[in-house]
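Engineer: Below is a structure I'd like to ask you about.
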Amino acid sequence: METATAKVALSEAELIHRILGGDHELYCDLIAPYERMAQVGSAYDDPDSAVARTYVRDLAASDADVAWLADCRERRELAVPPSGEPALGGAPLDAGDQQHRTVIALAEFGMCETGGLAREDFRQAVRRVIEELWHDDPPATWQRASKLLTTGMAPHDVIHALAR
Ligand SMILES: [Zn+2]
């Protein structure tokens, strides 16, 4: 739907280009920025690809192994569940940003049962687990998490188990 809109916008731009008689300078000043906006708009219209980029943006290279990237994405989606929620204060939260990860973690775990830990200790433990999963450092954290996930444990509870 959005892509179709962008296409219409582009052909409108082409039409104006023709009306302007192919005046290149005028085209560059008036139409080209508009076309670029339409193209950027259509690229961001696919929410799934935008989310995927956020999760493996720093890892994706042209020669990156697809299976490895999928594993990384799974690991990071455990660390930071993709919510698709509109962000706090209207600015989109970016899982690739460490401070945003903390905001997301506190939103999910801030009021949880702490399992006997002091609230602040529990929050710090959750933040540590999330950063360990995000960076796969140490790898043992994700190995343990994968095992718990295969037992059918809910992702939220896996984080709790690792934060103990
Ligand atoms: Zn909880």
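Throughout, read-outs are computed from the coordinates displayed, never taken from laboratory work. Since this is a predicted model, take the numbers as computed values, not measurements. Quick reminder, even Gly has a Cβ in these numbers, built from the backbone with ideal geometry, and neighbours come from all protein chains shown.
Engineer: I need 126, 56 ordered by Cβ neighbour count within 10 Å, fewest first.
Structural biologist: Details: 126 23, 56 16.
With the fewest neighbours first, 126, 56 line up as 56, 126.
Engineer: Another question, if that's okay. Given a Förster radius of 25 Å and the C-beta distance between residue 124 and residue 98 as r, what FRET efficiency does 1/(1 + (r/R0)^6) yield to the nearest 0.05?
Structural biologist: Values: r = 14 Å, r/R0 = 0.56.
Here the calculated transfer efficiency is 0.95.
Engineer: For segment 113-164, what is the convex hull (Cα atoms) projected area averaged across all directions, in square nanometres? Write out the running numbers ahead of the final one.
Structural biologist: Details: hull surface 13.4 nm².
The Cα convex hull of segment 113-164, projected and averaged over all directions, gives 3.3 nm².
Engineer: At a threshold of 8 angstrom on Cα-Cα distance, excluding pairs fewer than six apart, so keeping six or more, what relative contact order does segment 66-162 reach in percent?
Structural biologist: Working: 56 pairs, mean separation 26.6, N = 97.
It rounds to 27 percent for segment 66-162.
Engineer: Can you work out the FRET efficiency for the pair residue 113 and residue 67, with r the C-beta to C-beta distance and R0 = 41 Å, to the nearest 0.05? Working shown, then result.
Structural biologist: Numbers: r = 36 Å, r/R0 = 0.88.
So the FRET efficiency works out to roughly 0.70.
Engineer: Still on this structure, I have one more. Which whole-number percent gives the relative contact order of segment 124-164, counting Cα pairs below 8 Å spaced six or more residues apart? List each step's numbers first, then the result.
Structural biologist: Values: 26 pairs, mean separation 19.4, N = 41.
47 percent.
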